[in-house]
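**Student:** Below you will find the structure I want to go over with you.
The values are calculated or read from the model by the stated rules, or taken from the named source; none is laboratory data. None of the values given here were measured: they were computed from a predicted structure. Positions of Cβ are backbone-derived with ideal geometry, glycine not excepted, and every protein chain shown enters the neighbour counts.
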Amino acid sequence: MTAEGAIASFLAQAGARPKAGDPVSAHVDMAASLGLLVAFLSGKKIRDLAEITPRVLRDFIARWYVEEATFPSQTRYQLHASSELSGPCSALLPEPLELMRVLDIFWDWIDRHDSTGTPGILREVVSELGSTMPRAVEIGRALSLHVIERGGAFAFPEFLSSFEEGGQSQYDIDTPGDVGALESYFRITRIEGERAEVEDVITEERIWPVLFPVEIARRLGPGFVINLELVRSLQLWHIVDCGFTYPPGTEF
């Protein structure tokens with residue numbers, strides 16, 4: 001069975017296909033969430049339900065959706081019309097908890113109509129990411145807002161004064177053999193208050209301490225991966241720019 005055909009059958013059985021004049025409902029939210037899965041699979045040229053492995057599903061939830069949801073646009077995703085899906089439904093990007101709820105319901109339904117045991121394994125992926133993926137999106141949004149409000153590296157008085165005076169000040173970015181600026185994907189290894197130890201996922205070098213805003217530090221946990229640009233001031237590493245935050249277990 002194709003993935004799109006399975007989704008169409010599920011929506012039809014759940015009564016999720018909207019009718020003209022119907023108010024927005026939880027059923028329409030199901031169609032919107034599963035429409036995202038269709039869009040992702042289409043981009044990967046995956047058609048068969050059997051091709052959705054745990055790795056594929058994790059990539060959809062922990063990377064593709066995280067990157068779409070952290071900076072949501074007004075793009076509308078559709079269950080596009082095909083021979084198997086008539087009456088397409090479109091909606092704005094569902095929020096993380098809504099997506100995970102729908103995926104859990106969908107894979108439970110597939111599990112009850114499939115004897116291979118694979119849907120059960122996929123449901124375990126959904127369960128594992130059920131809390132960490134929404135937290136990753138929340139951290140990514142909050143940290144991006146903090147960076148914007150802070151104004152980046154040039155908001156630090158020490159950084160500005162170093163250029164005004166023609167020197168390097170406390171950042172020492174160009175000091176030979178003593179790195180003062182880093183940009184990479186960093187995995188959180190431990191947290192102590194506002195300070196965190198991070199590990200570069202490429203070099204495996206550990207950096208300590210990285211200073212996080214208090215409200216964001218409270219949401220962090222070991223294993224989360226964040227794309228960060230860091231500069232050093234004295235004994236502290238400061239965040240001057242950031243990309244996405246990914247849940248624990250995300251591969252790079």
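**Student:** Condition check: over 21 Å from H146 (Cα atoms) and not β-branched (V, I, T). Does E205 satisfy that?
**Tutor:** yes
**Student:** Another one. Can you tell me which condition L79 does not meet? The list is (1) at pLDDT below 50; (2) under 17 Å from M1 (Cβ atoms); (3) surrounded by fewer than 19 Cβ atoms within 10 Å (Cβ to Cβ), and all the others hold.
**Tutor:** Condition (3) is where L79 drops out.
**Student:** While we're on this one: Could you tell me whether L57 is out of contact with any Asp or Glu (no Cβ under 8 Å at 6 or more places or on another chain), modelled with pLDDT of 85 or more, surrounded by 19 or more Cβ atoms within 10 Å (Cβ to Cβ) and among the hydrophobic types (A, V, I, L, M, F, W, C)?
**Tutor:** yes
**Student:** Identify the residue in the stretch 196-233 that is β-branched (V, I, T) and assigned to a strand (DSSP E or B) and, among all such residues, is surrounded by the most Cβ atoms within 10 Å (Cβ to Cβ).
**Tutor:** V198
**Student:** Would you point out the residue of the stretch 208-252, among those that are modelled with pLDDT of 95 or more and aromatic (F, W, Y), that is nearest to the chain's Cα centre (by Cα)?
**Tutor:** Y246
**Student:** Using beta carbons and a limit of 8 Å, which pairs, at least six apart or on different chains, have the first residue in the stretch 212-231 and at positive phi and the second one assigned to a loop (DSSP other than H, G, I, E, B)?
**Tutor:** G223/P247; G223/P248; G223/G249
**Student:** Residue under question is A62, and the condition is that it be surrounded by 13 or more Cβ atoms within 10 Å (Cβ to Cβ) and at pLDDT 95 or above; does it hold?
**Tutor:** Judged against the criteria, A62 is a match.
**Student:** While we're looking at this one, here's another question. L49 - would you say it is modelled with pLDDT under 85, surrounded by 14 or more Cβ atoms within 10 Å (Cβ to Cβ) and of a type in the set (A, V, I, L, M, F, W, C)?
**Tutor:** no
**Student:** Related question: From L103, L97, L129, grab the single residue that is within 15 Å of the chain's Cα centre (by Cα) and surrounded by 20 or more Cβ atoms within 10 Å (Cβ to Cβ).
**Tutor:** None of the others qualify; the one that does is L129.
**Student:** Right, another one. Within the stretch 96-122, can you find the residues that are more than 19 Å from S9 (Cβ to Cβ) and either modelled with pLDDT of 90 or more or in a helix (DSSP H, G or I) (or both)?
**Tutor:** P96, L97, E98, L99, M100, R101, I121
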